[in-house]
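S.K.: Below is the structure I would like to discuss, written out as structure tokens.
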Amino acid sequence: MQSDYTGHITASEWRWVIIISVVLALVAFVPFLWVLIIGDDQWRFMGALHDYQNSAVYLSMMEQGLNGRWLMYYLHTPEVHGGVFIEPLYTLLGHLARMTRFSPIVMFHIARVGVSVFMYLSLYQLASHIWTRIRTRRIFFAFVAAASGIGWILVPFTQSLTYLDLQSPYSYPFFSSLTNVHLPLSIALVALLASVMILILRPSHTESPNLKNGGGMLFLGCLLLVFLYPFAYLPLVLAYIINMVISWVDERKIIKPQLEWLSLMIIPALPVFVYEWLVFQNNGVIQEIWRQQVTTPPSPILLFSASALPFLIALPGLRRVLRRFNRDGDQFMFIWLLTMIAWVYLPVAGQERFLLGFMLPLGYFATRSIVEFWFNFFNLKRLWQTRLFVALLPVLGVSHLFALLMPIYPLAVDTQVDPNTGVLLERDYLGAFTWLNGVIDNNRAVILASPNTSLWLPAWTGGYVVYGHPTITTQATFKRDAVIKWYQTSDVNQCGSLLRGEYSFRSSQYDVTYVLFGPQEAQLGAGVCLTLLRPVFRFGNVWIYMYQDS
């Protein structure tokens, strides 16, 4: 009979984890089946459902990689700016799409599945570094994968969907797998880095880093994490530093190997942070875009609701760490949890993005509470302990079900497709996009279209747009209003300023090359300004015009 305790991950464990991971990754694609079912001759799904606005930006980065670029440009704003080596994951995926002849959209979703499975495997790897008991590892894995907040309970009472567990994927591994590629990959790296840090900080650990004991993985993991998601790197490394200092105080001496491990975390990050600081100082357009992405932190009540049930389950474990402050995992996880919360409320950009992987330390204490307190509290036999935990998982994960299905809810309940849904466009636009993609190639062209159309134009054509995104377009609100008024106006004297680039945080930073007029634009207005333009292409109900001064 196989022992329930092991110092390594057995083959049967890997099989179990891989099967569960693949199932979870495939469940994330259930909404896409509905999109295929409702597909018709009029509408075309544009490639992303969850967090579709940001996904359109990532797809535009992949389009640049597909065209051979390594430096990334923000195509959702029209101003001229230099390329930067930021978020290289998506340009890399674009290059892979070119090599494999997959479309960027197909490559995007293949990568999503791959990194999601990798994320779940990494979570189990973290569990194996903490616990030798297989059942406890599985409880941690299942809890972290399923746990969410109580937003689903509050929605009927408040008539609001603005709860973190329904809108913000950062804390939750499953939710992150719905949205993009870099979030689940970042959670995977965080889990792997945490698994090494826990070993380093144990009182019995005195080894200096080398390639065999995790030193190489720590160096490479920190380098990748800083490129992918520095918001996750900062709380994690700060938690390690605080733990290291506490160890020095307890031991009354500086522990040299811990400093050597710290150097492997900081050295790869420094050049990346210096480069990004130089970009911010010298690239005015990107500076303006990054400033727009500053948000207000969530209220403490909102933050609590995002993890209320997991927090209540974890209370006995949290009480235990306050009483004992055990350096064998408890201390690190507790300080990591606190550093993430502290970063959220510091006066720095990012706010809730610092919560990436929040469920990992919280799940650690919840697992300790379940195994060491709650099972004993209810005085259940082992079989009923398992049944109780399995019955609890669906309750923990109801918010994930809401998040999974919310993007397709409007499509499922309405007999008519809302043209403003954002994830769909009329099929005629694809013909126009194909033509634009052919004439633009790698040449710079600025395109004017409705906000909905402009969101997807860069990903499908490689062109720039006047307004395309609420935070990536500079002076986004101002430009969006200007685009809408351009299609609505009945005075041709008001048409030229937008085309000449005067609606910019720096005057005359662009000239419009092409203008689209189709069903989306017709909803905004009659398009009197089109009389100033020359028609160059038509596909169905979509016309493409060229600005005469271009």
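S.K.: May I ask you to say which residue of 234, 189 is surrounded by fewer than 24 Cβ atoms within 10 Å (Cβ to Cβ) and of a type in the set (A, V, I, L, M)? Don't jump to the end; show me each part of the working.
M.R.: Details: 189 fails: surrounded by fewer than 24 Cβ atoms within 10 Å (Cβ to Cβ).
Exactly one of 234, 189 is surrounded by fewer than 24 Cβ atoms within 10 Å (Cβ to Cβ) and of a type in the set (A, V, I, L, M), namely 234.
S.K.: I've got another one for you. Just for region 436-470: of the residues that are part of a strand (DSSP E or B) and open to solvent by less than 10 Å² (accessible area, probe 1.4 Å), which one is farthest from residue 73 (Cα to Cα)? Write out each step before concluding.
M.R.: So in region 436-470, the residues part of a strand (DSSP E or B) come out as 446-448, 464-465.
The next check asks that each one be open to solvent by less than 10 Å² (accessible area, probe 1.4 Å); those that pass are 446-448, 465.
On the way: 446: 13, 447: 15, 448: 18, 465: 12 Å.
Only one residue tops the list, namely 448.
S.K.: Continuing with the same structure: If residue 133 meets every condition in (1) over 27 Å from residue 393 (Cα atoms); (2) open to solvent by 10 Å² or more (accessible area, probe 1.4 Å) apart from one, which number is that one?
M.R.: Exception for residue 133: condition (1).
S.K.: If you don't mind, there's one more thing I want to ask. So if I check each of 21, 55, which one is closer than 29 Å to residue 285 by Cβ and buried (at least 17 other Cβ atoms within 10 Å of the Cβ)? Step through it out loud before you land on a result.
M.R.: Working: 21 fails: closer than 29 Å to residue 285 by Cβ.
The conditions single out 55.
S.K.: Being over 21 Å from residue 449 (Cα atoms) and either among the aliphatic types (A, V, I, L, M) or surrounded by fewer than 13 Cβ atoms within 10 Å (Cβ to Cβ) (or both) is the filter here; which residues of region 68-84 pass it?
M.R.: 68, 71, 72, 82, 84
Matching residues to (1) exposed (fewer than 15 other Cβ atoms within 10 Å of the Cβ); (2) modelled with pLDDT of 90 or more; (3) at positive phi:
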site: 358; (1), (2), (3): no, yes, no
site: 365; (1), (2), (3): no, yes, no
site: 370; (1), (2), (3): no, yes, no
site: 376; (1), (2), (3): yes, no, no
site: 385; (1), (2), (3): no, no, no
site: 389; (1), (2), (3): no, yes, no
site: 397; (1), (2), (3): no, yes, no
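S.K.: While we're looking at this one, here's another question. For residue 214, which of the numbered conditions (1) free of Cβ contacts under 8 Å to residues at least 40 places away in the same chain; (2) open to solvent by 30 Å² or more (accessible area, probe 1.4 Å) fails to hold?
M.R.: Residue 214 satisfies every listed condition except (2).
S.K.: Right, something else. If the requirement is being touching an Asp or Glu at 6+ places or on another chain (Cβ under 7 Å), open to solvent by less than 40 Å² (accessible area, probe 1.4 Å), polar (S, T, N, Q) and over 21 Å from residue 224 (Cβ atoms), which of these qualifies: 148, 160?
M.R.: Details: 160 fails: touching an Asp or Glu at 6+ places or on another chain (Cβ under 7 Å).
That would be 148, the only listed residue that is touching an Asp or Glu at 6+ places or on another chain (Cβ under 7 Å), open to solvent by less than 40 Å² (accessible area, probe 1.4 Å), polar (S, T, N, Q) and over 21 Å from residue 224 (Cβ atoms).
S.K.: If you go through region 77-123 one residue at a time, how many are part of a helix (DSSP H, G or I) and among the β-branched types (Val, Ile, Thr)? Spell out the reasoning first.
M.R.: Of all residues in region 77-123, those part of a helix (DSSP H, G or I) come to 88-100, 104-123.
Filter again for among the β-branched types (Val, Ile, Thr), leaving 91, 100, 105-106, 110, 113, 115, 117.
Residues that pass the stated criteria total 8.
S.K.: Next question. When you scan region 305-328, do you find a residue that is of a type outside the set (Lys, Arg), surrounded by 23 or more Cβ atoms within 10 Å (Cβ to Cβ) and in a loop (DSSP other than H, G, I, E, B), even just one?
M.R.: Within region 305-328, one or more residues are of a type outside the set (Lys, Arg), surrounded by 23 or more Cβ atoms within 10 Å (Cβ to Cβ) and in a loop (DSSP other than H, G, I, E, B).
S.K.: Also, quick follow-up: For region 91-104, how many residues are of a type in the set (A, V, I, L, M, F, W, C) and open to solvent by 40 Å² or more (accessible area, probe 1.4 Å)? Working first, answer last.
M.R.: As a first pass, look at region 91-104 and keep what is of a type in the set (A, V, I, L, M, F, W, C): 92-93, 96-97, 99, 102.
Checking the rest, the ones that are also open to solvent by 40 Å² or more (accessible area, probe 1.4 Å) come to 92, 96, 99, 102.
Here the count works out to 4.
S.K.: Any idea which of (1) part of a helix (DSSP H, G or I); (2) farther than 24 Å from residue 188 by Cβ; (3) touching a Leu at 6+ places or on another chain (Cβ under 9 Å) is the one residue 36 doesn't satisfy?
M.R.: (3)
The values are calculated or read from the model by the stated rules, or taken from the named source; none is laboratory data. Model, not experiment: these values are computed from the prediction. Glycine gets a Cβ as well: all are built from the backbone with ideal geometry, and neighbour counts include every protein chain shown. Protein only, heavy atoms only, side chains kept; ligands, DNA and RNA dropped before computing areas. Shrake-Rupley method; radii C 1.70, N 1.55, O 1.52, S 1.80 Å.
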